[in-house]
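Q: One structure is given below, represented as structure tokens, and several questions about it will come after.
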């Protein structure tokens, strides 16, 4: 914001693509049919495709969430158990941010997350149930095995 003679003026809107290593892209695609990245590329490379984009986001085509995976425990990870998450009905993408042999600390910020997971389904109760299962696994510490 810049102060002018007539008052405050917004001089920049940060229009960069959302971060998080693009883990949000499967969610955006499932909910709207396109992503911010595709729209940006089309704006420069494919005017026809860009012109076909809606002027406003469409109604969501499904229900979903990008869940940040947390660690409530600390220790040396002997192994990970992310397959439990992959088996959930609404999981369409999982990014593991920890691995066996590494130190796991309690999550306090983005760098200490142990992963990110996209859940998408036509039925919102399926998404809610799967998210609840993930939160229980986090609390139990069952997304990894820590050394004694």
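The values are calculated or read from the model by the stated rules, or taken from the named source; none is laboratory data. Model, not experiment: these values are computed from the prediction. Please note: Cβ atoms are built from the backbone with ideal geometry, for glycine as well, and neighbour counts cover all protein chains shown.
Q: How many of the residues in segment 65-80 are closer than 22 Å to residue 21 by Cα and over 11 Å from the mean Cα position of the chain (by Cα)?
A: We begin by selecting, within segment 65-80, every residue closer than 22 Å to residue 21 by Cα; these are 65-71, 80.
Remaining after also requiring over 11 Å from the mean Cα position of the chain (by Cα): 70-71, 80.
The total comes to 3.
Q: Which condition number in (1) assigned to a loop (DSSP other than H, G, I, E, B); (2) at pLDDT 95 or above; (3) over 28 Å from residue 31 (Cβ atoms); (4) in contact with a strand residue (DSSP E or B) (Cβ under 9 Å, 6 or more places away or on another chain) is the one that residue 107 fails?
A: Condition (3) is where residue 107 drops out.
Q: Consider residue 136 against the criteria (1) in contact (Cβ under 8 Å) with a residue 60 or more places away in the chain; (2) loosely packed, with under 14 Cβ neighbours inside 10 Å; (3) not in a loop (DSSP other than H, G, I, E, B): it satisfies all of them except one. Which criterion is unmet?
A: (1)
Q: From the list 88, 66, 119, which residue is farther than 20 Å from residue 32 by Cα, touching a helix residue (DSSP H, G or I) at 6+ places or on another chain (Cβ under 6 Å) and not in a helix (DSSP H, G or I)?
A: On the way: 66 fails: farther than 20 Å from residue 32 by Cα; 119 fails: farther than 20 Å from residue 32 by Cα.
Result of the check over 88, 66, 119: 88.
Q: Answer yes or no: is there a residue in segment 45-57 that is under 21 Å from residue 120 (Cβ atoms), at pLDDT below 95, out of contact with any strand residue (DSSP E or B) (no Cβ under 6 Å at 6 or more places or on another chain) and in a helix (DSSP H, G or I).
A: Among the residues of segment 45-57, not one is under 21 Å from residue 120 (Cβ atoms), at pLDDT below 95, out of contact with any strand residue (DSSP E or B) (no Cβ under 6 Å at 6 or more places or on another chain) and in a helix (DSSP H, G or I), which makes the answer no.
Q: Between a first residue in segment 1-20 that is at negative phi and at pLDDT below 80 and a second residue that is assigned to a loop (DSSP other than H, G, I, E, B) and surrounded by 10 or more Cβ atoms within 10 Å (Cβ to Cβ), which pairs have beta carbons less than 7 Å apart while being 6 or more apart in sequence or on different chains?
A: 18/24
Q: Which one is farthest from residue 70 (Cα to Cα) among residues in segment 104-115 that are touching a residue at least 40 places away in the same chain (Cβ under 8 Å) and surrounded by fewer than 20 Cβ atoms within 10 Å (Cβ to Cβ)? Working first, answer last.
A: In the first step, residues of segment 104-115 are kept if they are touching a residue at least 40 places away in the same chain (Cβ under 8 Å); the result is 104, 110, 112-115.
Right, trim to surrounded by fewer than 20 Cβ atoms within 10 Å (Cβ to Cβ) and you get 110, 112-113.
Numbers: 110: 9, 112: 8, 113: 5 Å.
Only one residue fits best here, namely 110.
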